[in-house]
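Following: one structure in structure tokens, then a few remarks.
Every read-out reported here was derived from the displayed coordinates using simple, explicitly stated rules and does not represent laboratory data. Since the model is a prediction, treat every value here as computed from it, not as a measurement. For neighbour counting, all protein chains shown are included, and Cβ atoms are generated from backbone atoms with ideal geometry for every residue, glycine included.
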Amino acid sequence: MAQLAQCLKGAAKLDETVERVEVDRKAVQSAFSEIDQSKAALDQKESSVNQRSKASVKAFNASVERHNVLVRAAKLKQTDLNAAIDAHNIEVQSHNNDCAKKYYASDLPDAKKLAGITIE
């Protein structure tokens with residue numbers, strides 16, 4: 001029964017991790033959406049750059065650098081998200097290996113109590 005309680009706690013922890021990963025995934029999607037908007041703005045500005053004006057070229061180059069900062073930040077977020085997903089998948093595999101034993105349904109209420117999980 002104690003092992004079942006541990007498995008229930010582990011499953012709850014995995015659920016929390018999934019929620020955090022989902023929040024991070026949405027942040028990554030938002031960052032790449034911001035990049036798309038930035039790229040569209042750059043494409044539009046590019047045609048109006050006065051190649052003979054240092055100020056115009058400098059302003060455009062500053063816009064390009066801001067865009068590149070967005071790209072680097074989004075790639076870093078993506079790398080962090082991928083690492084979090086990999087770590088979560090390892091935890092899931094470990095949990096599944098540890099908790100693959102078959103349990104009796106009648107053990108569940110007591111195991112939930114032991115795990116501190118509200119019985120539904």
**Request:** Tell me what the chain gives for mean residue ellipticity at 222 nm when only DSSP H runs of n ≥ 4 count, each as -39,500 (n - 2.57), the sum divided by the residue total, rounded to 500 deg cm²/dmol.
**Result:** -29500 deg cm²/dmol
**Request:** Kindly give Rg over Rh for the chain, based on alpha-carbon atoms, with the Kirkwood expression for the hydrodynamic radius.
**Result:** 1.35
**Request:** Quick one: among Asn82, Asn50, Asn68, which has the greatest mean-square fluctuation in a GNM of the chain with alpha-carbon springs under 10 angstrom?
**Result:** Asn50
**Theoretical FRET efficiency, 1/(1+(r/R0)^6), r = Cβ-Cβ of Glu34 and Asn89, R0 35 Å, to 0.05** = 0.80
**Prompt:** Which residue, Arg25, Arg72, Arg52, tops the fluctuation ranking in a GNM of the chain built on C-alpha contacts under 10 Å?
**Reply:** Arg52
**Asked** In a GNM of the chain with a 10 Å cut-off on Cα contacts, which of Ala40, Ala55, Ala87 has the highest mean-square fluctuation?
**Response** Ala55
**Under Karplus coefficients 6.51, -1.76 and 1.60, residue-wise ³J(HN,Hα) of segment 48-64 in Hz, glycine/proline x** = 9, 6, 8, 4, 8, 10, 4, 5, 5, 5, 5, 5, 5, 4, 5, 5, 4
**Asked** Can you list the lysines whose alpha carbon sits under 30 Å from that of Lys9, skipping same-chain ones fewer than 8 residues off?
**Response** Lys26, Lys77, Lys101, Lys102, Lys112, Lys113
**Request:** Sketch the reach of a paramagnetic label on Lys101 as a point 7 Å from Cα along Cα-to-Cβ, and name the residues of segment 1-29 whose backbone nitrogen lies under 19 Å away.
**Result:** 1-12
**Prompt:** What FRET efficiency do you get for Lys45 and Leu76 if R0 is 22 Å and r is their Cβ-Cβ distance, rounded to the nearest 0.05?
**Reply:** 0.30
